[in-house]
Amino acid sequence: MKEVAILLVAALLLNGCGSNSTSTPTTAADTWSAKVLGGNGPASGFSFSTDFTLNSDGTLSLSTFQFYNAGSCFPVDGDAVTGSITDLEVNQNTYAVTGTLNFTVQSGSNTLNLTGPLTGTGGPSGNDVLTGGSVTGTWTFMGSGSPTGCTNTTGSFTMTQS
């Protein structure tokens, strides 16, 4: 009986060692601001702010979205805005959060796609809140040419949580 108790305690201890379980933040507290660089003419200057919640399937539910300097390619609210965060993980030893942000703004036949690696901090035991979030990546604009100047272009962006 003594041997069984020792084996049980050893099994419990070994089960907890080396564990780096992950949990998923569901809130991206505060407002996110994106500084979008590059592009040409009307197909440039797509900087914006947004607030969103991360759903359990990785999609984003946006509560607000607004361009700082909307041009002729998009209305100020962006019409159709969608996003997701994939491969999201929280290291339970350091609380470092990593993932990939995919963000799309569409109006008519004009589409802006932003993609990049996300980093930030979660809380102890998967606190469900992402803080200090940041994404640096690339954007592509697929334009119809209408209005004039809304043509295909690309650039870089930085998106941060305030």
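Could you give the accessible area per residue of segment 56-162, probe 1.4 Å, as a whole number in Å²?
With all protein chains present, segment 56-162 gives 47 Å² per residue.
At 7 Å along Cα-to-Cβ for each site, give me the label-to-label distance between A80 and T59 in nm.
Label at A80, label at T59, 1.2 nm between them.
Label-point separation (nm) for N69 and Q92, each offset 7 Å from Cα along Cα-to-Cβ?
With each label placed 7 Å out from Cα toward Cβ, I get 4.6 nm.
Return the sequence-ordered ³J(HN,Hα) values of segment 40-56 in whole Hz as given by the Karplus equation 6.51 cos²θ - 1.76 cosθ + 1.60 applied to θ = phi - 60°, using x for Gly and Pro.
Result, rounded to whole Hz: 9, x, x, 8, 8, x, 8, 5, 8, 10, 7, 10, 8, 10, 8, 7, 5.
The values are calculated or read from the model by the stated rules, or taken from the named source; none is laboratory data. All values reported here derive from a predicted model rather than from experimental measurement. Positions of Cβ are generated from backbone atoms using ideal geometry, with glycine treated the same way; all protein chains shown enter the neighbour counts. Ligands, DNA and RNA are excluded from the accessible area calculation, which covers all protein heavy atoms including side chains. Shrake-Rupley method; radii C 1.70, N 1.55, O 1.52, S 1.80 Å.
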